[in-house]
């Protein structure tokens, strides 16, 4: 699939739940989140149909997201089905890491990290904005940093193709930890990416007071480590630009949606929300109701394909985050 601007679409992020066991302020900043009624959430069978039809159109990479995807019952069974679909070459999961060492099945001691690897997951993205326990508690509303670190270590031990740590940059909150996060990622053998804040939940989340650019982060890193070596040929599924630290050869990435004016040029993804909205762009209000299409009694796969292609044709050239963007959904409801 290719849109009118030359974006080749090969990547689908599938949110399987809007629920989460944490309350990160840039994603779901309040405790009184109104969860979607069960009947409004796509069934696993409906999601698998979307993936199967998408694969016939060129989707080859899937990332399972939430909310926190491991909070949904039977998530492992759904994930294990993804790799059986013709055309799906890579399956990843985005998680906060808090459940990776929890028992995956009532009658087994196998933990989630091991069960995910067994289910065919290739890559794991884990959110980690701070290594300070008090700061973590304040940012997420939960005292779960020890579980996250254990989850990261469990994921590394399972031998996933990549374990990526995602740190959202926040001035006055974690800029003083950039060097510590780099050292931690090196010690664990993980790929670390620094991400700029985006106004995806409420417009108040993003302000001059708390925004920190990837350019500023890079300057801090180079102050300690020396000039970073660009790695233009090193790519993962997303829009990160990667660099190598001198001496150690450690790779780190920067995701700068707000300050990188070429950010959208290589976009290759669509997002399916757990309530069945197909979104061509995170930073746009455009979304299309695939749930209604899927639940029409006489809807064929060819009809679903046409829906897919129409959404791709509607994909904007660039996101709207820089244009006084006012979110219409919190990130928890879109899919991380």
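The values are calculated or read from the model by the stated rules, or taken from the named source; none is laboratory data. Fair warning: this is a prediction, and the values are worked out from it, not measured in the lab. Cβ coordinates were reconstructed from backbone atoms using ideal geometry, including for glycine residues, and neighbour counts include every protein chain displayed.
Data overview
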read-out	value
Residue tally, condition farther than 20 Å from residue 141 by Cβ and in contact (Cβ under 8 Å) with a residue 12 or more places away in the chain, over the stretch 85-104	11
Boolean, residue 332 is outside any loop (DSSP other than H, G, I, E, B), modelled with pLDDT under 80 and either crowded, with 20+ Cβ neighbours inside 10 Å or in contact with a helix residue (DSSP H, G or I) (Cβ under 8 Å, 6 or more places away or on another chain) (or both)	yes
Residue match in the stretch 220-236 (condition: under 30 Å from residue 70 (Cβ atoms) and buried (at least 19 other Cβ atoms within 10 Å of the Cβ))	no
Residue pairs meeting the criteria (Cβ under 7 Å; at least 6 apart or on separate chains; first without any contact (Cβ under 8 Å) to a residue 40 or more places away in the chain, in the stretch 258-277; second surrounded by fewer than 21 Cβ atoms within 10 Å (Cβ to Cβ) and outside any loop (DSSP other than H, G, I, E, B))	277/288; 277/289
Selection from the stretch 192-229 of residues that are modelled with pLDDT of 95 or more, in contact with a helix residue (DSSP H, G or I) (Cβ under 8 Å, 6 or more places away or on another chain) and in a loop (DSSP other than H, G, I, E, B)	228
The stretch 57-67 - residue that is in contact with a strand residue (DSSP E or B) (Cβ under 8 Å, 6 or more places away or on another chain) and at pLDDT 95 or above and, of those, surrounded by the most Cβ atoms within 10 Å (Cβ to Cβ)	62
Single residue of 92, 159, 189 found to be crowded, with 18+ Cβ neighbours inside 10 Å, over 23 Å from residue 212 (Cα atoms) and at pLDDT 95 or above	92
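Per-residue answers, yes or no, for (1) touching a residue at least 60 places away in the same chain (Cβ under 8 Å); (2) more than 25 Å from residue 60 (Cβ to Cβ):
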position: 130; (1), (2): no, yes
position: 146; (1), (2): no, yes
position: 149; (1), (2): no, yes
position: 158; (1), (2): no, no
position: 175; (1), (2): no, yes
position: 182; (1), (2): yes, yes
position: 185; (1), (2): yes, yes
position: 193; (1), (2): yes, no
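Residues are listed down the side, and each one gets a yes or a no for (1) under 19 Å from residue 66 (Cβ atoms); (2) in contact with a strand residue (DSSP E or B) (Cβ under 9 Å, 6 or more places away or on another chain); (3) buried (at least 21 other Cβ atoms within 10 Å of the Cβ):
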| residue | (1), (2), (3) |
| --- | --- |
| 107 | no, no, no |
| 111 | yes, yes, no |
| 120 | yes, yes, no |
| 129 | yes, yes, yes |
| 134 | no, no, no |
| 141 | yes, no, no |
| 153 | no, no, no |
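A quick yes/no check of all residues on (1) surrounded by 15 or more Cβ atoms within 10 Å (Cβ to Cβ); (2) outside any helix (DSSP H, G or I); (3) modelled with pLDDT of 85 or more:
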position: 297; (1), (2), (3): no, yes, yes
position: 303; (1), (2), (3): no, no, yes
position: 308; (1), (2), (3): yes, no, yes
position: 311; (1), (2), (3): yes, no, yes
position: 316; (1), (2), (3): yes, yes, yes
position: 320; (1), (2), (3): yes, yes, no
position: 323; (1), (2), (3): no, yes, no
position: 326; (1), (2), (3): no, yes, no
